[in-house]
Structure formats: structure tokens, C-alpha cells
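Accompanying notes for the structure given below.
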Amino acid sequence: METTITKIDKEKAWKLRHKVMWPDKAFDYIKLEDDHLGIHFGLFKENMLISVISLFINKEECQFRKFATLQREQGKGYGSMLLDYVIKEAMDCGVKRIWCNARKSKVDFYKKFGLQETNYSFMKGGKTYVIMEKDL
Ligand SMILES: CC(C)(COP(=O)(O)OP(=O)(O)OC[C@H]1O[C@@H](n2cnc3c(N)ncnc32)[C@H](O)[C@@H]1OP(=O)(O)O)[C@@H](O)C(=O)NCCC(=O)NCCS
């Protein structure tokens, strides 16, 4: 199956974020105040956008946010392809540390990419998150 990863407009990321992450909330709920500063990436399968992630680079640090794969395409390796790709992109941009607010349920998934749990965790929208990080 042919896949491509490219930068995408924030509006495209919004659509998939909403559909996957918070379909029951208003569309604006998934928008971030800083989205205009982010670099948004999408994975396309046969021209259809199925996975998105957004990078926010601040000097030598980079946070990735709003990582989402269309439900019916989850568990097939697409998210891993996209995450691998953006970690390399961050390295190419000179980033020294990449981090995220991981849903507790996704901790083991991110460990596969070398991210480690920090001691910082919090709750938001009824979900528990932990900050995970990796030195590049
Ligand atoms: C997190 C998310 C983006 C991952 O995307 P994905 O495309 O499903 O990712 P992958 O398919 O690469 O990996 C998902 C799982 O499938 C497994 N997998 C990958 N390819 C596989 C294959 N060919 N066969 C079987 N399993 C496979 C991975 O090992 C991983 O397992 P794990 O969750 O037990 O660690 C996706 O689950 C999602 O959108 N979730 C809802 C939103 C969300 O929680 N976002 C993250 C907030 S922190």
C-alpha cells in the first residue's frame, strides 16, 4: 500500500484530530492556540489522510502533540511510521530533546520509540497524562 508523509496545513490536521480524538466535543475544542506556530505532518495512504501529528519547536526542544490515526487504520503501523519520521525531522532541525504529554494508556507505545516517563503527570478532560521525553 503506497504511503507518503508530507507537511500539511493546520486545517487538515484539525479535521482528523476532531474525528479521532474528540468527536463528541465542538470542532474548536481540538484547535490549539499555538497551531499557527506548529509544523503539521500527515501520512497519506492512497491520497487519503489517515494519520496526523504536530510539532512545536522551541529552540532545542520539540513537543509533539495531537497524534491521531483514523480508527479503522489504527494498529497497522502507520502511526509508528509517522512518529519515526517526525523524530528524524526534529533531529535534522537540530532539536536536542523531544517530549510529549502522553495519555497514560499510550506510555508503552511511546517507550518503543525510546521516550521515557518523567515524574510529571496531570489530569485533563477526564484523562491522565504523563510527560515523556527523549534526548536526541
Ligand atoms: C496513538 C495512535 C496515534 C497510534 O497510531 P497507530 O497508527 O494506531 O499506531 P501503530 O499502528 O503504529 O501502533 C499501534 C499499535 O499497533 C501495533 N502495531 C503496529 N503495526 C502492527 C502490525 N502490522 N500488526 C500488529 N500490530 C501492529 C503497535 O506495536 C502498537 O502497539 P501498542 O499500542 O500495543 O504499543 C492511535 O492509536 C490514535 O490515534 N489513538 C487515539 C488518539 C490518541 O490516543 N492519541 C495519542 C495521545 S497521547
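The values are calculated or read from the model by the stated rules, or taken from the named source; none is laboratory data. From a predicted model like this one, the values you see are computed outputs, not experimental measurements. Neighbour counts run over all protein chains shown; Cβ positions are idealised from the backbone, glycine included.
Worth pointing out:
- Among the residues of region 45-66, those identified as among the basic types (Lys, Arg) and touching a Ser or Thr at 6+ places or on another chain (Cβ under 6 Å) are 45, 65, 66.
- Scanning region 45-73 for residues that are within 13 Å of the ligand (Cβ to nearest atom), of a type outside the set (A, V, I, L, M) and closer than 19 Å to residue 14 by Cβ yields 51, 54, 63, 64, 65, 66, 67, 69, 71, 73.
- With respect to being part of a strand (DSSP E or B) and surrounded by fewer than 20 Cβ atoms within 10 Å (Cβ to Cβ), residue 130 fits the description.
- Within the set 48, 21, 1, the sole residue that is at pLDDT below 95 and either loosely packed, with under 12 Cβ neighbours inside 10 Å or more than 25 Å from residue 127 (Cα to Cα) (or both) turns out to be 1.
- Looking only at region 18-44, residues that are acidic (Asp, Glu) and either within 16 Å of the ligand (Cβ to nearest atom) or part of a helix (DSSP H, G or I) (or both) come to 3 in all.
- Every test in (1) away from the ligand (no atom under 11 Å from the Cβ); (2) on the phi > 0 side of the Ramachandran plot; (3) within 15 Å of the chain's Cα centre (by Cα) is passed by residue 77 save one, and that test is (1).
- Qualifying residue in region 97-106 (condition: within 13 Å of the ligand (Cβ to nearest atom), over 21 Å from residue 17 (Cα atoms) and not in a strand (DSSP E or B)): no
- Near pairs, Cβ below 8 angstrom, 6+ apart or cross-chain, from region 12-32 (among the hydroxyl-bearing types (Ser, Thr, Tyr)) to any residue that is within 14 Å of the ligand (Cβ to nearest atom) and at pLDDT below 95: 29/22
- Tabulated pairs, region 59-84, first of a type in the set (Gly, Ala, Ser), second surrounded by 17 or more Cβ atoms within 10 Å (Cβ to Cβ) and in a strand (DSSP E or B), C-beta under 6 angstrom, 6+ apart or interchain: 68/52; 79/51; 79/69
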